Amino acid sequence: MNNEIEEIHKSVKTFSNARKFVFDENQEIVKQCRESINASLAANASLPGSESDQLKKSKEKAFKAAYLLKKVQNRLKTDYGKSWRQDMNEFLFHSEQEVVEAFALMNILNERGTTRELSFKIKDSTYETKKSTVKVSDRAYIFGLLDCIGELKRIILDLQNRHDSDSANKIFEQMHGLFTKLEVFTEYSNSISNLKPKIDSARHIVNDTSKLIQK
């Protein structure tokens, strides 16, 4: 049994090291995403014509987060092996979800769409700008978009406070349309953990925002 015990020890050690690596990297990825979202919100709050700097910052931070996530995924593929997604998915979920939320909010403000394969540009070690993509899990994509609905409410409230009802209504239409597409996943609540409360929370946000729009 010595060989089997040695193999198990090696396997458990590999898993433990990979898990710690993901947890350590998640902190910086989430930090970059939060800064991107805050910059998007600041851009919306800026006076017309002065929002470009914040939108640029939002993109830079989101791209940095996507780049870091790509590095983590590549490292797991190399160090952990073919089953990295299956075994590490739960630990990657939070950072992937945050990246989707940051990209979705940024793209909505720039009147663009967001796919599960996120496109970004980053400068490499030679300071040359490179194009790349990073793909997230299905669950992270859905949850990230649901989280974005809460940020859209903040956008709409700010527009309402500035008496820009036309822009507020336009963003609300996008919010409502996004939620309608995501609500259909309710039927899979038994298969995807924590999905139902997440959808219920988003529904409450949409309904509450609708009442504010109609005032």
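The values are calculated or read from the model by the stated rules, or taken from the named source; none is laboratory data. Keep in mind the model is a prediction, meaning the values are calculated, not measured. Don't worry about glycine lacking a Cβ; one is built from the backbone with ideal geometry, like all the others, and counts go over all protein chains shown. Note: areas computed on protein heavy atoms with side chains; ligands, DNA, RNA excluded. Shrake-Rupley method; radii C 1.70, N 1.55, O 1.52, S 1.80 Å.
The magnitude of the dipole of the range 114-166, with charges of +1 and -1 set on the Cβ of Lys/Arg and Asp/Glu and taken from the Cα centre, is near 220 debye.
Taking each residue as 0.36 nm, the span from residue 166 to residue 116 lengthens on full extension beyond its C-alpha to C-alpha distance by 15.0 nm. Sorting the segments 195-202, 163-170 by their mean number of nearby beta carbons within 10 angstrom, highest to lowest, gives 195-202, 163-170. Per residue, the accessible area of the chain comes to 59 Å² when a 1.4 Å probe rolls over the protein heavy atoms.
When the square roots of the Cα gyration tensor eigenvalues are ordered a ≥ b ≥ c, the ratio a/c for the range 50-111 is 1.5 or more and a/b exceeds b/c, which makes its shape prolate.
Per-residue Karplus couplings for the range 29-35, computed as 6.51 cos²θ - 1.76 cosθ + 1.60 with θ equal to phi - 60°, are listed in order as 4, 5, 4, 5, 5, 4, 5 Hz, Gly and Pro entered as x.
Exceedance of the 19 Å cut-off in Cα-Cα distance is limited, within the set 170/198; 71/131; 121/170; 10/82; 31/77; 77/198, to 170/198; 121/170; 31/77; 77/198.
Note on the range 1-54: with charges restricted to the Cβ of Lys and Arg (+1) and Asp and Glu (-1), its dipole about the Cα centre is near 140 debye.
In 5 Å bins starting at 0, how do the alpha-carbon pair distances of the chain split up by percent? Taking all Cα pairs of the chain, the binned fractions are 1, 7, 14, 16, 17, 15, 11, 7, 5, 3, 2, 1, 1, 0, 0 percent.
Quick check: at a probe of 1.4 Å, how many percent of the accessible area of the range 1-102 sits on carbon and sulfur atoms?
Its accessible area is 50 percent carbon and sulfur atoms.
Pairs exceeding 31 Å between alpha-carbon atoms, taken from 61/181; 153/196; 130/153: 130/153.
As a check on your grasp of the helix formula, calculate [θ] at 222 nm for the chain: sum -39500 (n - 2.57) over DSSP H runs of n ≥ 4, divide by the residue count, round to the nearest 500.
-26500 deg cm²/dmol
Each listed q (0.15, 0.25 Å⁻¹) maps to a log10 I(q)/I(0) for the range 126-215 from the Debye sum over equal C-alpha point scatterers, namely -0.64, -1.18.
Of the residues 188, 141, 80, the one that moves most in a GNM of the chain with alpha-carbon contacts below 10 Å is 188. Averaging 1/r across all pairs of distinct Cα atoms in the range 67-190 and inverting the result yields a Kirkwood radius of 16.2 Å. Ranking 194, 137, 93 by Cα position along the charge dipole of the range 76-215, where only Lys, Arg, Asp and Glu carry charges on their C-beta atoms, puts 137 farthest toward the positive end. Between residue 1 and residue 45, residue separation times 0.36 nm minus the direct Cα-Cα distance comes to 9.3 nm. Here the range 149-206 exposes an accessible surface that is 50 percent carbon and sulfur, computed with a 1.4 Å probe and the other protein chains kept in place.
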